[in-house]
Structure formats: C-alpha cells, structure tokens
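I have placed the structure first, in the form of structure tokens, so that the comments after it can refer back to it.
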Amino acid sequence: MHNWLTGASHIVMMKTLTTLALVIIVAGARTTGALQQSVTGNPSGAFSGTADRENDLEQTNGSNLGSVPKGTSSGSQGDDSPAPTSSVEQPGVVTDSNSPSHVTSGGMTTSSSPSPTSSPTPAPEPAPSPQPVASRFRDGTYNDVGTYTIPTGNTESLGVTLVLSSDVIVDSSVTNMAKDPRSVSYQNDFIAAYKSFVIGKKIDEVSLTKVSGSSLTTIGFNNATDKIEASAKN
Amino acid sequence: MAGDTFRITFEAIGTHWEIDITESVSAKEISAVERSIRRRIEDYDMTYSRFRNDSLVSRIAEAAGAYTFPADAARLFALYRQLYVTTDGAVTPLIGNLISDAGYDAHYSLRPLSVMHSPKRWDDVMVYEHPTLITHVPILLDFGAAGKGYLVDIIGELLRGHSISSYLIDAGGDMLHSGSRPARIGFENPNDPSEVLGVADVQNQSICSSAGNRRSWAGIHHIMNPLTTESVRDVLATWAVAPTALVADGIATALFFTSAAKLKAIFDFEYLIVQSDMSCEYSAGLQAEIFSGTSA
C-alpha cells in the first residue's frame, strides 16, 4: 500500500525541489568559477550544472525567493518521502557528488510551521561588500525542470522559471507539470503558496528599539480627514 | 533605554519627531541642541514646504523666474535628478501640481479635480544650477519623496556639530542611527500598526519607510504615478536602508515605481517591499528578520 504524502509534506518537498532547481539554475548561470567553465548558461533552455555551495547562493541571490529558505539545513524525515532529483543534464558537466546538504538525496528541509526564514547566516569566508559592480550572473530568463518520484513509482515534473537582472531575482514562476491528479492538486497548492508572505507579530512580542512606519506622518492630513469626516456626518 | 538616554520630542513638518541621544549630555546642552534643531527645521521648512504661503516653494508656484536656493539644496536636487533619471520620471519634484490637483493641497481640501495632468518634464520647465533655479512657468515643487530624509541627515550633522555622536533620530518613521549600539527597528504592519512584519538591525545608517495607505482619500493615496496620474496599487509598503536618510527616503519612494534591480545599479541600499497581497521581496544584504508564513 502506498502512503500518499500529506499536502503539507508535499509542499515541503516542492520547496526543496524548487530550491534544487534554483541552485542548479543559478549554478549554471555563473559566469566565473573553474568548475563552471563548461556551462554556458543558456538563458532559454533547461540545463544543469554542479550545485554551488550554499553560501555562494546566499551571497549572490539578490532577492528573496520564498522557496529558498536561508540558512536551512536538511533534517531527516523518517517518512517515505521521495528524494527530489533533477532529470536534466548537460553533457560534459561533472556532477559534484559533494553537493550541499539541502539537495542530496534523502535530505529535505523541514518546515512544519511558519518560521522566520530570513536571518542571514554568516558565510564561512568573507562576503564581498555589497556595491554596484558588474553582475556575477548573466541577466536573463532561466528555466529548469525538476522531477521527483511519487509513491506509485511514477515520475512527476515541476517547472521553475527565474528572471535575473543585475543579480536580483526580479520574477519567478512555477509551472504545474504534474500528471497524476493528486500531484496536480499538490503542485497547485504549492504554486499558490510558494511566494513568501509576511505576517505580523504584536509589537509587545518582539524586542524592539523603535518601529518604522507611516502611522505618525502628517498630523495636518489627519486633522483634515477628521474634519471632513465630522462635517460629513449628519 | 539603557544608560543615559535623553529624548527630545516635538512636532515639525507635519510629523512627530523623537530624537534619542544615547550618551551623557548636560541638561543645558540638551536645551541648546533643541533650540538649534527647531531653528534649523524652521529654515528648512521656509524653503521647501508647499504648505505655507511664505515659503520659497510657494513663491515659485506663483510665477516663473530665477530663484536662489540655500546651500543645502545642492545635494537634494542632485539626488532628485538621479532618481528622476533612474525612475524614468516617476520620481520627480514636479509631482506637486498633480498631488495638489488630486486634493492633497496646501489646504488639505482632499477634493480631486476632475481632470489631472501628468507633471511636466524637468528639462521642459526648469534648470537647476546651484544655487539658482530658473523656471519657465509657475510650478509647484514637492520634495516629499526625499525631503524629510534629507532633513534628518541635516539634524544628524547638527548633533555631530554639538559633539553628539550617539543618537537615533526618528522623524515619523524615517530614522538615522549613529553610535556603537545598534538599534532594532520593527517594520510596522501598514494594515495594523500594533504589529510589525519583521525587525531590522540598524547601525550608523538610515532606515526609511514609505506606505500609501496612511494618507488616502477619495480612492487616492499620496504616492502617485505621474505617468498614469493614479495612485500605485500593488506595492503596499517599502523600506530602504542606506548610509544616509536622503538616499533611504528617496529609494523607499522610488521602489513604488521602479525595480530594486534598476535602482541598485546606481544607489547603495538594502530594501524590503511588501505587496498588497502581503507577499514580499527583500535584498540579500538586508540585516533583518522577516516574519513569514507560507500562505496569505
């Protein structure tokens, strides 16, 4: 009997898969690096490359893509979740067997509840100071397809597209390529949810010096709206 | 507030100011500093405010001519020119006529005119060669995009002139920090001011915020796109962190109209953008914790 993944863990797997796809796309897009010389970074085709070190990814990822939790590490899951793998390979590229832990088979990020994903972790080597310099990644639209095996033994696919401009991910989209109706449904859930959404926490739950926002601006404006409201009431 | 902290508070330029001085200063010095600050703000307001009829900006709105600006105008105009070019005219000091026509005028009438015109192009109507501004037609300048930030920088300089180097200036949510102890600044939830969406670590730099929903009327809010003459709808709030409040304030505004990537090619800053659906985007170098969930 096959145990279907729960919706939540399917979403977790989708996140990992997208992380994998992201790493592969970004690795392929590198314009420097000895390991990457044979990868030409084709903006319109699918390709794979060696997975970059996790910290390089953090340094060069110009904007947050909700599906790439920073500083995450793989945990063991105990359930029969399938390992995500990429099915696309480019001839001549050596696959690095020492890929970062979050993309090795059997590894998966755990995220059972919303948690802060963005605390930047320090890189093991000094990060280049942020300044407007030549791009490290070629601008362009990158596509890749990740595949995974579902409990039936069949393979499902998920398409990921990123648009890079000046080393910032300016847009991303995920395409449902599933065949099994349950996978279609889970991929749809993921697509709706993968972009990071902010949530609020009460101010007294958070240790703060001050709050930055617009609530205290324009006393004159607020006086005017108060007056207008007052005169409008009858 | 640990150790010695003195807080100076007052209302000015239509907003609430809190200046925390986090080093030991005598009461006499604090009084002198407070007087200096109020005088300096008054001078600034007399030049740049469109809300008082005795200001330089109000005179410029009445008639074309050659006008002499004070020394501080050089950096302000320079930053506006850079933003104007980088945002393809979306951020412009010439936005005054449009915002005013929309109702956010000097009298806060909040009644929009039925026809609203896009602002004129900078090079069509004025030439700025410090300290002189030559205008070919009457124009209503509005420095809301970066003017408050610039004043915050100026006040910081004033404090340093009084040998005060440990402070946090907060002008209605636009801030400048100086000193050895970083500040933890919350990102106010624009939909609920009792909440924050995350916390930034700010030290010896500025953080400024921009949000459309606090000044809105008749379906319009004050952040207007000059190219469409409508308020920006999809971006809910932005924050920028930069070495100066002039830049942080200007960038926080510009992010409503222009991509971070385009701005990052010219300016040095970190940012957070929250969309109206509460999805967010932020720079890799932003020193902050963002509170996030997986679904709206």
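The table that follows gives values for the structure above.
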read-out	value
Matching residues in the range B:286-296 - criterion: being modelled with pLDDT of 85 or more, open to solvent by 30 Å² or more (accessible area, probe 1.4 Å) and over 22 Å from the mean Cα position of the chain (by Cα)	B:Glu289
Residue within the range B:24-46 that is open to solvent by less than 10 Å² (accessible area, probe 1.4 Å) and touching a His at 6+ places or on another chain (Cβ under 6 Å) present	yes
Options B:Tyr67, B:Tyr84, B:Tyr80: the member that is among the aromatic types (Phe, Trp, Tyr) and open to solvent by less than 20 Å² (accessible area, probe 1.4 Å)	B:Tyr80
Residues of the range B:256-296 that turn out to be part of a loop (DSSP other than H, G, I, E, B) and at the interface with chain A (Cβ under 8 Å from one of its Cβ atoms), as a count	15
Residues of the range B:1-33 satisfying the condition of being away from chain A (no Cβ under 12 Å) and under 25 Å from A:Ser214 (Cβ atoms)	B:Ile8, B:Ile21
Search result, residues across the range B:144-177 that are open to solvent by less than 10 Å² (accessible area, probe 1.4 Å), in a loop (DSSP other than H, G, I, E, B) and farther than 24 Å from B:Ser24 by Cβ	B:Ala146, B:Gly172, B:Gly173
Some residue of the range B:186-193 being within 9 Å of chain A (Cβ to nearest Cβ), open to solvent by 50 Å² or more (accessible area, probe 1.4 Å), farther than 24 Å from B:Thr258 by Cα and modelled with pLDDT under 95	yes
Matching entry among A:Phe197, A:Phe221 (being facing chain B (nearest Cβ under 7 Å), closer than 21 Å to B:Ser109 by Cβ, modelled with pLDDT under 85 and crowded, with 17+ Cβ neighbours inside 10 Å)	A:Phe221
Failed condition for B:Leu141, given (1) open to solvent by less than 10 Å² (accessible area, probe 1.4 Å); (2) assigned to a helix (DSSP H, G or I)	(2)
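Yes/no matrix, rows are residues, columns are (1) in a helix (DSSP H, G or I); (2) over 17 Å from the mean Cα position of the chain (by Cα); (3) modelled with pLDDT under 95:
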| residue | (1), (2), (3) |
| --- | --- |
| B:Gly3 | no, yes, yes |
| B:Glu18 | no, no, no |
| B:Ala32 | yes, yes, no |
| B:Ser36 | yes, yes, no |
| B:Tyr44 | yes, no, no |
| B:Asn53 | no, yes, yes |
| B:Ile60 | yes, yes, no |
| B:Ala66 | no, yes, no |
| B:Pro70 | no, yes, no |
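The values are calculated or read from the model by the stated rules, or taken from the named source; none is laboratory data. Everything numeric here is computed off the predicted structure, so don't read it as measured data. Neighbour counts run over all protein chains shown; Cβ positions are idealised from the backbone, glycine included. The area values use the complete protein model at the heavy-atom level, side chains included, leaving out ligands, DNA and RNA. Shrake-Rupley method; radii C 1.70, N 1.55, O 1.52, S 1.80 Å.
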